[in-house]
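Please read the structure below before turning to the comments.
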């Protein structure tokens, strides 16, 4: 499933390709992944796409007012200034799911199989959404409902401060891996970049958040931000179906140090990468670099804290 770097890559590509274009019409096929198909058909024609941005694992196509008075020129639309942000009263929210793709295309080009939504643009091109498995999501949201929708997500990992990051883990009994994947804690992080960041920071995925020191929390924050920025620079990871807005795969999968490398040597120490289940998800780690958290004794008691059962595979 596309994570922050992949969604950022697509959003940046679409920003360059379609920001400033007006939607003339909407054509739909299967709509079981759309919150309210009628709202999209009725509300989008006539609106200009002011800008395209990422929010966690979602893309937001910010739209002009219905009467077009808040629209801006194509050149201005590429400027993320405050005036443009205030003018966008509604947005098309898009989640790509596992196999979704949103990309512009020449209108004369035949539609690919599993093309479910087509937006005709004012320059003669079409913005097409394809999704073989239809695990994605699409929704038209006005300003107030959009605000409610986005409130449930946590901080952006690329913008979070040291203090804010440490606070997210302080006193938490959940595993570090589970907290990284929790979208109400950090928005946009998924399995790939959680494992890569934990490997870089030398932290075992099963460590409890409450046991993470301030120093380790800062190491993890820096590792996470470095990994995400490098992945964005290389247009994300193409594990199976991911393609950017130009139909090109990402390159970052060639730089994975933990994810998907079970049984291969650790690039840092040479030990074999292992895979365990943490918080219901496969987690790849180096047993030599990322030590299994040890149980601690409570003061005045002989009762050990439960570290939790880790099911090893492979």
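Put simply, of 174, 178 the only residue that is within 20 Å of the chain's Cα centre (by Cα) and under 22 Å from residue 276 (Cβ atoms) is 178.
Those helices (runs of 4 or more DSSP H) of the range 124-241 in which at least 3 residues are buried (at least 17 other Cβ atoms within 10 Å of the Cβ) and in contact with a strand residue (DSSP E or B) (Cβ under 8 Å, 6 or more places away or on another chain), considering only elements entirely within it, cover 176-181, 191-201.
Return the only residue of 238, 184, 197 being within 16 Å of the chain's Cα centre (by Cα), modelled with pLDDT under 95 and not assigned by TED's automatic domain parsing to the domain that holds residue 136. So that I can check it myself, show each step before the final result.
Working: 184 fails: modelled with pLDDT under 95; 197 fails: modelled with pLDDT under 95.
Going through 238, 184, 197 in turn, the sole match is 238.
Within the range 42-83, the set of residues being modelled with pLDDT of 50 or more and part of a helix (DSSP H, G or I) comprises 42, 43.
Screening residue 102 with (1) under 19 Å from residue 61 (Cβ atoms); (2) in a loop (DSSP other than H, G, I, E, B) gives one miss only, at (2).
Can you find, within the range 250-267, the residue that is nearest to residue 102 (Cα to Cα) among those that are surrounded by fewer than 15 Cβ atoms within 10 Å (Cβ to Cβ) and free of Cβ contacts under 8 Å to residues at least 40 places away in the same chain?
Applying the first criterion (surrounded by fewer than 15 Cβ atoms within 10 Å (Cβ to Cβ)) to the range 250-267 yields 251, 254-255, 263-265.
Now narrow it down to the ones that are free of Cβ contacts under 8 Å to residues at least 40 places away in the same chain: 251, 254-255, 264-265.
On the way: 251: 19, 254: 24, 255: 25, 264: 35, 265: 37 Å.
By that ranking, first place goes to 251.
The values are calculated or read from the model by the stated rules, or taken from the named source; none is laboratory data. Computed from a predicted structure; not experimentally measured. A quick note on method: Cβ atoms are made from the backbone with ideal geometry, for glycine too, and the neighbour counts reach across all protein chains shown.
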